[in-house]
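A.B. asks: One structure, as C-alpha cells, below. Some questions next.
Here, each number is a calculation from the coordinates, and none is a lab measurement. All values derive from a computational prediction rather than experimental measurement. Cβ placement follows ideal geometry from the backbone for every residue including glycine, while neighbour counts extend to all protein chains displayed.
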C-alpha cells in the first residue's frame with residue numbers, strides 16, 4: 001500500500017499521532033500516511049472516510065480509544081479486532097494479511113492484546129450493567145462509535161482496513177454524569193466549563209481522577225503505536 005488513511009475520531013486520539021491535528025481535514029503525517037479527525041459517531045466517520053478515499057488512499061486504519069465490554073480488559077490494553085460488528089449485526093472482517101503483519105511487528109510488546117470482536121454502537125455505553133449485557137449479547141470485547149462505518153466503506157471500495165484501539169474505561173467504571181454534556185464532538189472539554197462543573201459535583205471528583213489515570217494509560221499505548229505506524233503499515237499489499 002502506497003498511501004494509507006488514518007481515521008482518528010477525537011482530537012485527543014489524533015494528538016498521539018501528530019502535534020497539529022485539524023478537524024475534518026486530512027493532514028499528512030509522513031510521505032505515506034494521512035490522518036483525519038472525524039469527530040464522534042458513524043455519520044462523521046463516514047464523511048471523513050469518504051474524504052480519505054477521494055484523496056486516493058489504498059488502505060484505511062481506525063485508531064483511538066474504546067470501552068471495555070470484557071471484564072478481562074484493562075485501560076491501556078491493545079485491541080486489534082479481527083471482526084467489527086455493527087448495530088444491525090453485520091460483521092466486517094479486518095484485512096487478514098495486514099492483521100498478521102501487525103501482530104508480527106508488536107508480538108514482543110508488553111501490552112495485553114485482544115483480537116476479539118469490536119462492537120460499534122450509535123450511543124455511548126457508559127455503565128457496567130449495559131457493558132456486560134452487550135458483551136453477552138454480541139461476544140464483543142469492546143465498543144466504539146465509528147469503526148463499523150469506516151470498514152463498511154472500505155468494503156464498498158475494496159480497500160484493506162484495520163482497526164487499532166486501546167481500552168480507556170474498564171467494565172466496572174461508570175463515567176461522571178457531566179462528562180458527556182461537557183465534551184464536544186471532537187472529544188475536547190473547555191476548562192472554563194469543566195472547572196465550575198467539577199466544583200458543583202465534588203462527590204464525583206474521585207471518578208474524574210480515575211478517568212484521568214485511565215486516559216493517560218490509553219494514550220500511552222496509542223503513542224507507542226504511533227511510533228510504530230510506518231512499520232505497521234508496510235505490508236505485502
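A.B. asks: Using the 10 angstrom Cβ neighbour count as an exposure proxy, how do 84, 151 rank, fewest first?
C.D. replies: Placing the least packed residue first, the sequence is 84, 151.
A.B. asks: Each label point is 7 Å from the Cα along the Cα-to-Cβ direction; what then is the distance between the points at residue 189 and residue 129, in nm?
C.D. replies: Each label point is offset 7 Å from its Cα along the Cβ direction, giving 2.4 nm.
A.B. asks: Sticking with this one: To the nearest 0.05, what FRET efficiency results for residue 182 and residue 22 with a Förster distance of 25 Å applied to their C-beta separation?
C.D. replies: E between residue 182 and residue 22, to the nearest 0.05, is 0.65.
A.B. asks: Follow-up. Please report the spacing between the Cα centers of segment 15-58 and segment 180-237 in Å, no decimals.
C.D. replies: Cα centroid to Cα centroid, the span is 19 Å.
A.B. asks: Would you mind checking the tilt of helix 147-156 against the longest principal axis of the Cα atoms of the chain, expressed as 0 to 90 degrees and rounded to 10?
C.D. replies: 20
A.B. asks: Can you compute the helix-only [θ] at 222 nm over the chain? Use -39500 (n - 2.57) per DSSP H run of at least 4 residues, normalise by all residues, nearest 500 deg cm²/dmol.
C.D. replies: Numbers: 8 runs with 91 residues, N = 237.
Only helices count here, giving -11500 deg cm²/dmol.
A.B. asks: What shape does segment 71-126 have by the C-alpha gyration tensor, where a ≥ b ≥ c are the square roots of the eigenvalues, rounded means a/c under 1.5, and otherwise prolate means a/b greater than b/c and oblate the rest?
C.D. replies: oblate
A.B. asks: Once label points are set 7 Å from the Cα along Cα→Cβ at both residue 50 and residue 96, what is their separation, rounded to one decimal in nm?
C.D. replies: Here the modelled spin labels are 3.2 nm apart.
A.B. asks: Let me ask another. Just want to confirm a number: the relative contact order over the chain, from Cα pairs under 8 angstrom separated by 6+ residues, in percent.
C.D. replies: Relative contact order, the chain: 28 percent.
A.B. asks: Let me ask something else about it. Using 0.36 nm per residue of separation minus the Cα-Cα distance, give me the extension gain between residue 155 and residue 203 in nm, one decimal.
C.D. replies: Values: separation 48, 0.36 × 48 = 17.28 nm, distance 4.64 nm.
Stretched out fully, the residue 155 to residue 203 stretch lengthens by 12.6 nm.
A.B. asks: Let me see the P(r) profile for segment 4-232: every Cα-Cα distance counted, bins of 10 Å, each bin given as a percent of all pairs.
C.D. replies: So the P(r) values, bin by bin, are 8, 35, 39, 16, 3, 0.
A.B. asks: A further question follows. Tally the DSSP beta bridges in segment 4-232 and give the antiparallel ones as a percent, rounded to 5.
C.D. replies: The answer is about 25 percent antiparallel.
A.B. asks: Would you look at the GNM of the chain, springs on alpha carbons closer than 10 Å, and say which of 222, 199, 52 moves the most?
C.D. replies: 199
A.B. asks: Rounded, prolate or oblate: which fits segment 3-98, taking a ≥ b ≥ c as square roots of the Cα gyration tensor eigenvalues, rounded meaning a/c under 1.5, else prolate when a/b beats b/c?
C.D. replies: Verdict is prolate for segment 3-98.
A.B. asks: By counting other Cβ atoms within 10 Å of each Cβ, how are 126, 16, 161 ranked from fewest to most?
C.D. replies: Placing the least packed residue first, the sequence is 126, 16, 161.
A.B. asks: Out of 192, 219, 49, any idea which swings most in a Gaussian network model of the chain, alpha carbons joined below 10 Å?
C.D. replies: Judging by the Gaussian network model, the answer is 192.
A.B. asks: Based only on other Cβ atoms within 10 Å, what is the fewest-to-most ordering of 131, 224?
C.D. replies: On the way: 131 24, 224 17.
Exposure proxy ranking, most exposed first: 224, 131.
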